[in-house]
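The values are calculated or read from the model by the stated rules, or taken from the named source; none is laboratory data. Because the structure is predicted, anything quoted here is derived from the model rather than measured. Using ideal geometry, Cβ is built from the backbone for each residue, glycine included, and neighbour counts are taken over all protein chains shown. For accessibility, only protein heavy atoms count, side chains too; no ligands or nucleic acids. Shrake-Rupley method; radii C 1.70, N 1.55, O 1.52, S 1.80 Å.
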Amino acid sequence: LRRTLHYSGRVQGVGFRLTTEQVARGFAVTGFVRNLADGRVELVAEGVPAELDRFEAAVAEAMAGHISRTERSESSARGGFDGFGIAR
């Protein structure tokens with residue numbers, strides 16, 4: 001499964017991408033996190049649904065004070081990610 005999350009709030013300039021990359025190390029997920037020009041952060045992750053749920057919850061907990069809104073969409077996994085990292 002591929003899950004795309006868009007986080008709004010005070011999510012840029014607060015270590016969101018680095019924290020998310022570090023959190024991802026504890027989960028069997030692949031994908032990326034990046035800042036968007038509109039001030040949001042985009043997270044794209046692939047894995048099994050239960051692992052994605054746990055990963056999403058861990059990111060939300062780690063960055064709780066900065067997230068005011070989360071938008072989520074899901075689609076079929078495409079493969080193609082070797083790991084999880086910060087995209088520029």
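Looking at the range 43-68, which of the residues that are in contact (Cβ under 8 Å) with a residue 40 or more places away in the chain and part of a helix (DSSP H, G or I) is farthest from R25 (Cα to Cα)?
That would be P49.
Report yes if some residue within the range 12-28 is free of Cβ contacts under 8 Å to residues at least 12 places away in the same chain, of a type outside the set (G, A, S), loosely packed, with under 14 Cβ neighbours inside 10 Å and part of a loop (DSSP other than H, G, I, E, B); otherwise report no.
no
Quick check, is L43 open to solvent by less than 50 Å² (accessible area, probe 1.4 Å) and touching a helix residue (DSSP H, G or I) at 6+ places or on another chain (Cβ under 7 Å)?
Yes: the conditions hold for L43.
Name every residue in the range 1-21 that is within 11 Å of the chain's Cα centre (by Cα) and not charged (D, E, K, R), in order of residue number.
Across the range 1-21, the qualifying residues are T4, L5, H6, Y7, F16, L18, T19, T20.
Okay, residues lined up against (1) open to solvent by 30 Å² or more (accessible area, probe 1.4 Å); (2) of a type in the set (D, E, K, R):
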| position | (1), (2) |
| --- | --- |
| P49 | yes, no |
| F55 | no, no |
| E61 | yes, yes |
| H66 | yes, no |
| R69 | yes, yes |
| G85 | no, no |
